[in-house]
Each structure stands twice: as C-alpha cells, then as structure tokens.
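Just so it is clear, none of the values below were taken in a lab; they were calculated from the coordinates. The model shown is predicted, which means the values in this text are computed figures rather than measured ones. Glycine gets a Cβ as well: all are built from the backbone with ideal geometry, and neighbour counts include every protein chain shown.
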Amino acid sequence: MSGHEIPAISRQKAITPVRAARRLRDELSALNIASDVHDGYGLALVSVWFGLVVWTDGRVFRWWAGEQTGQARYQRYAFCPASDPVTAARRVADRCLELRKRGPVPVPGPSGCAPQ
C-alpha cells in the first residue's frame, strides 16, 4: 500500500461521524484532555490542540502525525478505526503531549482548549 491509500480498516461498518467523534471526545476527557466536536457535510472533527484536529467519517479517525515525507513534503497521517475510540484517544493524547512540549501554547477559548 502506498502512503496515499486509505487502510483496509475503512471498510468496517460505520457509525455516524458525529457519534464516533463524541465517543473520542469522551475518551479524551477521561485522559484529562479537553476537546470540541464539530460536524457537517458527512464528517465530524474533534479539535484537540493547536495543530491537532482529528476527523472522522464514522469508519476511521485521521490526524496529522507531525511528519512530512519526500521531496514533495507530503504530510503523513495517523489512522485508527472509529470502532476503537480508546486506542485512538491514547494515540491522540500522545500526539497532543508532543505538541504541548513544542509550543506555542494557545490562549484557551470559552470551551477551554487547555487541559482540564
């Protein structure tokens, strides 16, 4: 599989994107990470931190892994099945910690983008 193909996990039975995003938000909350869910146009987004947004179609979670590959500087994305929000939350939390260490620290908005 090339780096531009969606993995086979996307063939799994889908739940609604917003339901998947809310499940991820709940798992992130259990890890003391605040996030916001936004939905529309058949996708849902989970805004976690400055530079970290997870999106889902109800089948798979996707987020930028923080790497660029090749001379064309393609961004490398991480994937996790939407049917496993616990694992996705742990992986997103790890990425969030990486970003927090690098800074810059965003100013918390009304929903509190900072850790809970």
Handout entry: Rel. contact order, % - alpha carbon contacts under 8 angstrom, at least six apart, the stretch 8-101
Key = 27 percent
Fill in the blank from the handout: Under the Karplus relation with 6.51, -1.76 and 1.60 and θ = phi - 60°, whole-Hz ³J(HN,Hα) for the stretch 20-26, x at Gly and Pro, equal 4, 5, 5, 5, 5, 4, 5
Problem - Charge dipole magnitude, Cβ of K and R +1, D and E -1 - the stretch 8-101, Cα centre, debye nearest 20 - result: 180 debye
Exercise for the section: Neighbouring Cβ atoms within 10 Å as the yardstick, rank Val18, Val37 fewest first. Expected result: Val18, Val37
